[in-house]
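Nothing in this text is a laboratory measurement; each read-out follows from the coordinates by a stated rule. Computed from a prediction, not measured in an experiment: that's the story for all the values here. We place every Cβ from the backbone using ideal geometry, glycine too, and count neighbours over all the protein chains shown.
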Amino acid sequence: MKYVYAALLLHSWAQPVNEENVKKIVSAAGGQAEESQVKALVAALSEVNIDDALKSASSMMMAPAAAPAAPSAEGKKKEEKPAEDDKKKEEEALAGLGALFG
């Protein structure tokens with residue numbers, strides 16, 4: 001996460017998000033940058049428009065949660081059948097247990 005934070009800081013300061021700058025930010029914060037993770041982040045962000053990503057992320061957070069849909073009549077019919085199957089299985093299991101006790 002520290003690398004992502006560094007990239008966001010660089011972006012907010014209108015600085016290029018490159019390996020050198022990310023390493024500087026992490027070092028300035030008292031951390032030690034791992035070369036492979038910095039390279040992976042910079043490569044991944046090279047194809048991303050950070051402004052658009054931030055806008056879509058903020059709009060997703062503000063969108064209200066969808067209410068769960070009420071089950072349809074077909075859904076109720078399907079739910080009843082497995083309940084009947086479960087009852088049959090329980091009865092069969094109990095019949096098998098009865099044989100153990102004579």
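For this structure, a couple of remarks:
- Cα→Cβ-extended label distance, 7 Å offset, between K2 and S46, nm: 2.4 nm
- Length gained when the stretch D85-K24 is fully extended (0.36 nm per residue, less Cα-Cα span): 15.5 nm
- This ranking places K88, K39 by how few other beta-carbon atoms lie within 10 Å of each, fewest first, which gives K88, K39.
- Using the Cβ of Y3 as centre and a radius below 15 Å, the other residues enclosed give a net charge of 0, where K and R count +1 and D and E count -1.
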